[in-house]
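S.K.: First the structure, then my questions, so here it is.
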Amino acid sequence: MAYASKENMISFASQLRGRLYRTVAATFTVDGWAASNGKYTQSKTVNNSGAFVIKNVLPPPLTTQTGNAATDATKRRNLCTIARAKAEFTVTASNITVKITADTKPDCDLDVVWYLEV
């Protein structure tokens, strides 16, 4: 019986993850929200390397930490607003567009990452 090295297992897991999931990362700015009918909407488009079909959006969306406790708490609170919002993903061969429609307007710029099952 042969054993795989830790480096080989990490490489294999990374390659497998890239085939099972795609990540979408976008920054939603405070000034970018448009108000309409009591809702707040913002869309972001990011580059994509080939068309695919989304099977599932894995919850919850994530954000980065800054190391400042107050700032991180504000980001987490606003991430909850994004997580509760309606998220629509449009995939083409060259782009992925994320449209968020929220009940309340986030009050800070927020970088958000979603994992898409493909």
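S.K.: Under a cut-off of 19 Å between alpha-carbon atoms, report the aspartates and glutamates in cross-link reach of Lys39, not counting same-chain residues fewer than 8 places apart.
M.R.: The reachable aspartates and glutamates, counting only those whose Cα sits under 19 Å from Lys39, are Asp31, Glu88, Asp103, Asp107, Asp109.
S.K.: Report the label-to-label distance for Leu58 and Ile10 in nanometres (one decimal), using points 7 Å from each Cα along the Cα→Cβ vector.
M.R.: Rounded to a tenth, the inter-label distance reads 1.9 nm.
S.K.: Taking the simple approach of a point 7 Å from Cα along Cα-to-Cβ for both Ala35 and Glu117, what is their distance in nm?
M.R.: Each label point is offset 7 Å from its Cα along the Cβ direction, giving 3.8 nm.
S.K.: With a ≥ b ≥ c taken as the square roots of the eigenvalues of the C-alpha gyration tensor of region 34-82, please select rounded if a/c is under 1.5 and otherwise prolate if a/b is larger than b/c or oblate if it is not? Kindly include the intermediate steps, with their values, before the conclusion.
M.R.: Working: a/c = 2.15, a/b = 1.32, b/c = 1.63.
Oblate is the answer for region 34-82, as a/c is 1.5 or above yet b/c matches or exceeds a/b.
S.K.: I would also like to ask the following. Can you give the Rg to Rh ratio of the chain, both from alpha-carbon atoms, with Rh computed by the Kirkwood formula?
M.R.: Ratio of gyration radius to Kirkwood radius for the chain: 1.07.
S.K.: Listed here are the pairs Lys75/Lys99; Lys55/Lys105; Lys44/Lys75; which of them are more than 24 Å apart at the Cα?
M.R.: Lys55/Lys105
S.K.: Report, to the nearest whole %, how much of the accessible area of the chain belongs to carbon and sulfur atoms, 1.4 Å probe, protein only.
M.R.: 52 percent
S.K.: Let me ask something additional. Using a probe radius of 1.4 Å on heavy atoms only, what accessible surface per residue do you get for the chain? Whole Å² is fine.
M.R.: Averaged over the residues of the chain, the accessible area is 66 Å².
S.K.: Here's something else I'd like to know. Could you compute the FRET efficiency for Lys99 and Ser49, with r as their C-beta to C-beta distance and R0 at 30 Å, rounded to 0.05?
M.R.: 0.90
S.K.: Report the gain in length on full extension from Thr92 to Asp107: 0.36 nm times residue separation, minus Cα-Cα distance, nm rounded to one decimal.
M.R.: Numbers: separation 15, 0.36 × 15 = 5.40 nm, distance 3.05 nm.
Working it through step by step, the gained length comes to 2.4 nm.
S.K.: Moving on to the next point. With the cut-off at 1.5 for a/c, could you classify region 61-118 from its C-alpha gyration tensor as rounded, prolate or oblate?
M.R.: Prolate shape, in that a/c is at least 1.5 and a/b is the bigger ratio.
The values are calculated or read from the model by the stated rules, or taken from the named source; none is laboratory data. This structure is a prediction, so every number in the text was calculated from the model and none was measured. Positions of Cβ are generated from backbone atoms using ideal geometry, with glycine treated the same way; all protein chains shown enter the neighbour counts. Protein only, heavy atoms only, side chains kept; ligands, DNA and RNA dropped before computing areas. Shrake-Rupley method; radii C 1.70, N 1.55, O 1.52, S 1.80 Å.
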